[in-house]
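In what follows, a structure is listed as structure tokens, so that the remarks can point back to it.
The values are calculated or read from the model by the stated rules, or taken from the named source; none is laboratory data. Remember, it's a predicted structure, so these values are computed and weren't measured experimentally. No Cβ is skipped: glycine too gets one built from the backbone with ideal geometry, and neighbour counts run over all protein chains shown. For accessibility, only protein heavy atoms count, side chains too; no ligands or nucleic acids. Shrake-Rupley method; radii C 1.70, N 1.55, O 1.52, S 1.80 Å.
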Amino acid sequence: MSPYRVAQVAAAGGPFEIVERAAAHPGPGHVRIAIEACGVCHSDSYFIDAAFPGVRFPLVPGHEIAGHIEQLGEGVHSWWQVGDRVAVGWFGGSCHHCTPCRQGDFICAAT
């Protein structure tokens with residue numbers, strides 16, 4: 001697998017540093033996305049400062065990304081193809097009770 005570069009924080013409150021990592025093969029039902037743009041917002045500063053419990057370092061902040069599918073894992077639905085443009089936004093959870101949740105549309109939860 002080819003390496004990729006990330007901007008990581010090695011320890012709580014530390015500076016950003018650019019490092020290379022090895023790309024992993026996506027697991028069953030997952031895809032690997034070649035990220036072309038990433039949003040880093042104020043909430044990421046809480047992770048950088050380890051203000052939430054369970055934060056592990058090194059940490060690569062950013063949770064809103066856009067890019068294209070680079071590799072498919074086993075069992076990925078056939079509507080996804082290598083090269084497809086994709087975006088992933090922040091998902092804060094679901095209530096499992098509202099109508100969208102009961103219909104499987106968790107991203108539109110009433111929470």
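Within the range 84-96, the set of residues being surrounded by 12 or more Cβ atoms within 10 Å (Cβ to Cβ) and either in contact with a helix residue (DSSP H, G or I) (Cβ under 6 Å, 6 or more places away or on another chain) or in a loop (DSSP other than H, G, I, E, B) (or both) comprises ASP84, SER94, CYS95. Please determine, by comparing only the residues of the range 1-11 that are among the small types (Gly, Ala, Ser) and either touching a Phe, Trp or Tyr at 6+ places or on another chain (Cβ under 7 Å) or within 18 Å of ARG56 (Cβ to Cβ) (or both), which one is surrounded by the most Cβ atoms within 10 Å (Cβ to Cβ). Restricting to residues being among the small types (Gly, Ala, Ser) and either touching a Phe, Trp or Tyr at 6+ places or on another chain (Cβ under 7 Å) or within 18 Å of ARG56 (Cβ to Cβ) (or both), the top hit is ALA7.
Looking only at the range 12-53, residues that are in a loop (DSSP other than H, G, I, E, B), open to solvent by less than 70 Å² (accessible area, probe 1.4 Å) and not aliphatic (A, V, I, L, M) come to 6 in all.
Being loosely packed, with under 12 Cβ neighbours inside 10 Å and among the basic types (Lys, Arg): is that true of ARG56 here? It is true that ARG56 is loosely packed, with under 12 Cβ neighbours inside 10 Å and among the basic types (Lys, Arg). Within the range 59-83, the residues that satisfy the criterion of being part of a loop (DSSP other than H, G, I, E, B), touching a residue at least 24 places away in the same chain (Cβ under 8 Å), open to solvent by 40 Å² or more (accessible area, probe 1.4 Å) and not small (Gly, Ala, Ser) are VAL60, HIS63, GLU74, TRP80.
Among residues of the range 37-87 being under 16 Å from the mean Cα position of the chain (by Cα) and among the β-branched types (Val, Ile, Thr), the one that is farthest from PRO26 (Cα to Cα) is ILE48.
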